[in-house]
1. Is it the case that Thr205 is outside the structural domain of Ala419 (by TED's automatic domain parsing) and at pLDDT below 90?
2. Note down all Cβ pairs under 8 Å where the first residue falls in segment 78-89 and is on the phi > 0 side of the Ramachandran plot, the second is at pLDDT below 65 and of a type in the set (Val, Ile, Thr), and they're at least six residues apart or on different chains.
3. Would you be able to tell me the number of residues in segment 627-652 that are part of a helix (DSSP H, G or I) and within 21 Å of Ala601 (Cβ to Cβ)?
4. Output the qualifying pairs, or none if there are none: Cβ atoms under 6 angstrom, residues six or more apart or on different chains, first residue in segment 399-415 and within 15 Å of Ala248 (Cβ to Cβ) and touching a residue at least 12 places away in the same chain (Cβ under 8 Å), second residue assigned to a loop (DSSP other than H, G, I, E, B) and not basic (Lys, Arg).
5. Could you tell me which residue of segment 214-244 is surrounded by the fewest Cβ atoms within 10 Å (Cβ to Cβ), considering only residues that are of a type in the set (S, T, N, Q) and either under 9 Å from the mean Cα position of the chain (by Cα) or modelled with pLDDT under 85 (or both)?
6. Which condition number in (1) crowded, with 20+ Cβ neighbours inside 10 Å; (2) out of contact with any strand residue (DSSP E or B) (no Cβ under 6 Å at 6 or more places or on another chain) is the one that Arg452 fails?
7. Being in a strand (DSSP E or B) and among the polar types (S, T, N, Q) is the filter; apply it to segment 284-306 and report the residue that is surrounded by the fewest Cβ atoms within 10 Å (Cβ to Cβ).
8. Looking at segment 316-336, can you tell me whether even one residue there is under 28 Å from the mean Cα position of the chain (by Cα) and not assigned by TED's automatic domain parsing to the domain that holds Thr493?
Amino acid sequence: MESYKFKIQLRSDAEPASGLGGEQKNSLLPRDMHGKVTIPASHLKGLMRESLYNLLYPLRDDAEAVCSYLFGRSGEDGDGGQPGIIHLTGASAEKEKVITVTRTRIGEDGRAEDTSLRTAEALAAGSILTGEMKCGTEDPQILKLCRLALLSLFELGGGRTRGAGACRAVISGHESETPGQLLKAALGTAVDPTAGKPVYTETGTAGSSFRALKLHFIPDTPICLPERPHGKNNVISSGFQIPGTAVAGTLLNLLSETDPELASACFRSGNFRCYPVLPVQDAADCLLPVLISNSHKNSKLPQAETGKYLFGDLMIPDDYLEEDYRWQKKTAGIPMKGSSGVLIVHTDKTVELLKNSDIPRYYTAHGVVNGSGPKKDNLFTMESVWVKHFSGLVILPSDAAEKLLEILKDGHPAFFGKAKSTHGSGILKAEAWPLYPELETGFPQVEKLKNRLFIVQSPIIFDAAPETSTLDILNQVLKEAGWGEAQSESVMTSVLFGWNRLGLKEQVNQTGRVKARRIIQPGSVFLLKEPLTDLPGKLAAGLGSDRYGGYGAVIPHPMFASRLYESARNEPEKTAGSSRKKSPVYCGYGLNQICGQKLSASQIASLLRCVQISNGKAEEFLEIQKATRPKRIWDQWESVEKPLREYLKGYNTNEMTEMIRVWHDLRIGRDSKC
């Protein structure tokens, strides 16, 4: 895989609207999770594809096929689509200069139409944006096509027909190349749509021994990990786990690039088990992350005397636990709630809970053009998770493990989730992990539960009559795998839909979609009557049918958390020597969250009137509230005093007006009964 750093220099003001706006500005610039002005990768990809097609169409009969090979193609009837080989990051402004542009619509009589005045943010001419393009090929001729696609980007953002967004792209290390030179070279470049696809063979065997590896994924873009099909509202929600099946596919593809027979043998091996890769933020002292479901409980509010939360698990009654772990006794009379998320087991045997609700989310809107026929513009809102580090476990045959350690020694580019050409890119690494000693000595299980209490990490596929109880389903699965019998369980079942373009399992149609299967859901917990023997071998073999790659993974339950994970949210990036300002809209949302209903809409409106005059007038207003108003009035303002004073020092009057308007609007919304 080849990687290119690129720069885009604006020759005229650019207006890449984010779709957000308010009364002060009708359209705001798109910004990334750190607050930097950024041209989204999806926007760049669409413009590159359109520009390249316009260049190739008069010269090549297969212009559409070339573009589909480079950028991908959505699925149509009887066709599962085609992934592209070009992966992009957004282009972020190095030194941004944001200006505002105000326009009106002119009617047929030559006068400005009423209510047509619009103000938009724009990125000033001369601004430089930087990004990265990764290409899933090493063919030098195909790489020339990829560079041509990037250098054919001559304009971006909105208002391009009026001269806005004119730009020039430059690729680091290829500054002397021009679009004309690359176009001439591209005319005779043959494109094979099957190139780069994994190759599996019917030969090759894997040894009986196996090894465990700990995987690390360091993303450089947000990741959209949808857990269910999106509805008619075109909103795509994201989970927080990279599923084991996705991990398995990535690892097999990496093996297949160098040794197809080994990849095939690994795939067919009974000792190939991929666990989900989970967010841990900082992997320095993380022994292993464990996916949990709502059987894990924590108190709704921290205890007044300690400021700490209490934790437990419905599957672990007190009579199994030593004194320090007896959570039911400790939480008697305290309201508890279920929490899904990740248990982060540390090397010192402490356990922290990273709740799903505390994992940072990032939202973008995309206008998507589908198919090769008449264009249909569909606006999708996409939710992504933005986490610094993911970690997980994989068990596989020893020879495949050795090869993967070699491939991933210095890190290898990898892509996960939806829209992988513009989201979910990062570096995948691996390290050897001593499976048995770590689980025996590192997991903080009490003696009565050692090798008896387990939690499901990836779907367990089973075949049973619909009326069968969950305990009977579980016991059937355990018996088939030689795990003994369950004493109790907290098992959830559902139906799994999915795809397998290798043609394995019963296909619904040519898209690679397989028939729906019934599964035991990840996060289910069960307690065995007797401790499990040969723990590593049983974990490698997994549970249920269709145990290839990412299905049937379970792990010993690491008890329950002792504290909440404190470092889940990413800190905004800072430039050398200065702090980067957040969007006023973002700050307005933050003030609303801090304040809640302490201040009324009329109180915030009083501050707004002062801000519209000057920041100094607003500071004077705060001083009056503090010095002369009754204590109960100042108590209402005190929670927002510190951030307000910081904003008044760092933002100009227009920005403060926009910020307080957002806060004011949200406060009014709290009172609305709609």
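The values are calculated or read from the model by the stated rules, or taken from the named source; none is laboratory data. All values derive from a computational prediction rather than experimental measurement. Here Cβ is always computed from backbone atoms with ideal geometry, including for glycine, and neighbour counts include all displayed protein chains.
1. Working: outside the structural domain of Ala419 (by TED's automatic domain parsing): yes; at pLDDT below 90: yes.
Considered against the rule, which asks whether it is outside the structural domain of Ala419 (by TED's automatic domain parsing) and at pLDDT below 90, Thr205 comes out as yes.
2. Listed pairs, sorted by first residue: Gly78/Thr511; Gly81/Thr511.
3. Looking only at segment 627-652, we keep the residues that are part of a helix (DSSP H, G or I), and these are 627, 631-650.
Still in the running and within 21 Å of Ala601 (Cβ to Cβ): 632-641, 643-644, 647-648.
Here the count works out to 14.
4. Within 6 Å, the pairs are Phe415/Gly424.
5. Just the residues of segment 214-244 that are of a type in the set (S, T, N, Q), to begin with: 221, 233-234, 237-238, 241.
Of the ones still in play, those that are also either under 9 Å from the mean Cα position of the chain (by Cα) or modelled with pLDDT under 85 (or both) are 221, 233-234, 238, 241.
Values: Thr221: 25, Asn233: 8, Asn234: 14, Ser238: 21, Gln241: 25.
Out of the qualifying residues, it is Asn233.
6. Exception for Arg452: condition (2).
7. Filtering segment 284-306 for residues in a strand (DSSP E or B) gives 286-292, 296-299.
From what's left, among the polar types (S, T, N, Q): 298-299.
Details: Asn298: 22, Ser299: 17.
Out of the qualifying residues, it is Ser299.
8. Taking segment 316-336 as the starting set, the residues that turn out to be under 28 Å from the mean Cα position of the chain (by Cα) are none.
Scanning segment 316-336, I find no residue that is under 28 Å from the mean Cα position of the chain (by Cα) and not assigned by TED's automatic domain parsing to the domain that holds Thr493, so the answer is no.
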